[in-house]
Amino acid sequence: MKEIAHFVFGVFGNASALFLFLAPVITFRRIIIKRSTEQFSGVPYVMTLLNCLLSAWYGLPFVSPHNLPVSTINGTGAAIEFIYVLIFLIFAPKKEKTKIFSILVLVITAFAAVALVSLFVLHGQSRKLFCGLAATIFSITMYASPLTIIRLVIKTKSVEFMPFFLSLFVFLCGTSWFIFGLLGRDPFVAIPNGFGSGLGTVQLILYAIYHDNKGPGKREVSDASSQLKDLENGKPQEEKQTPGDEQV
């Protein structure tokens, strides 16, 4: 029974992880159409790329037996996230582009170092421990990377730049892999995904609180539309008084 549950949550984890990786398609469609990254952050996508690379490596049979589903889905995720990062680099402003490119170089260097050390220096249980620790640390970093967006949501009281489906699948993916790790008695899978499940919960709570609030850009469009309707209906517009117009 336990083996069946372990398999089921592995399948569900793969499905929810795939949806998590594909959720930003809507965001990147907007970026391509507007040819601007606006206030979207590229950090989560770079950190997700690193997490996918390390998790895919950790799931390989010669590193960690019985974790092949972890390897297959994260290998797919790495390819998807790399495409996102490239798109972000194309349309980001110069300062943001330099920042994301620098982080990308660090990500590739970190993964290469972990892979080479584990392959040529370590063996057996020590290899699994080393790769597991690396994957756990950067998985937590990946899940923590949207904290900048959470801060923006709280500051602006708007979820315009925190896509709902991304938050939803962070929660679903984190929860399913957390249970998968518990059933498989693998702390390197359970711990970071338990953290991700909690962070996904926080994002969904914020979305529930602020989902009715419009972003600054939408509010301006709404105000303009309202003024246009008033003009069409023959309603006079109130003149905005400037400091110089105030009566003494």
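The values are calculated or read from the model by the stated rules, or taken from the named source; none is laboratory data. Fair warning: this is a prediction, and the values are worked out from it, not measured in the lab. As a convention, Cβ positions derive from the backbone with ideal geometry for all residues, glycine included, and neighbour counts pool all protein chains shown. Note: areas computed on protein heavy atoms with side chains; ligands, DNA, RNA excluded. Shrake-Rupley method; radii C 1.70, N 1.55, O 1.52, S 1.80 Å.
Take 78-87, 103-112 and order them by the average number of nearby Cβ atoms within 10 Å per residue, most first; the result is 78-87, 103-112. In sequence order, the stretch 63-77 has phi-based couplings of 9, 9, x, 6, 10, 4, x, 5, 5, 5, 5, 6, x, 5, x Hz under the Karplus curve 6.51 cos²θ - 1.76 cosθ + 1.60, θ = phi - 60°, and Gly or Pro positions carry x. What's the carbon and sulfur percent of the stretch 1-233's accessible surface, probe 1.4 angstrom, rounded to a whole number? Its accessible area is 72 percent carbon and sulfur atoms. Couplings 3J(HN,Hα) of the stretch 13-22, computed from phi: x, 5, 5, 5, 5, 5, 5, 4, 5, 8 Hz, in residue order, whole Hz [Karplus 6.51 cos²θ - 1.76 cosθ + 1.60, θ = phi - 60°; x for Gly and Pro].
For the residue pairs K94/K128; K95/K155; K128/K157; K95/K128; K99/K155, alpha carbon separations beyond 32 Å are given by K94/K128; K128/K157; K95/K128. Taking amide hydrogens as placed 1.01 Å from N in the peptide plane, the amide H of N67 sits under 5 Å from that of no residue at least 5 positions away in sequence or on another chain.
Computed over the stretch 32-173, the Cα gyration tensor eigenvalues convert (square root of 5λ each) into semi-axes of 30, 17, 13 Å, ordered from largest to smallest.
Ellipsoid semi-axes for the stretch 102-200, based on the Cα gyration tensor and the rule √(5λ), read 30, 19, 8 Å when sorted largest first. Annotation: per residue accessible area for the stretch 1-233 equals 53 Å², rounded to a whole number [probe 1.4 Å, protein chains only].
Between R30 and V117, the modelled label-to-label distance comes to 3.9 nm, taking each label 7 Å out from Cα in the direction of the beta carbon.
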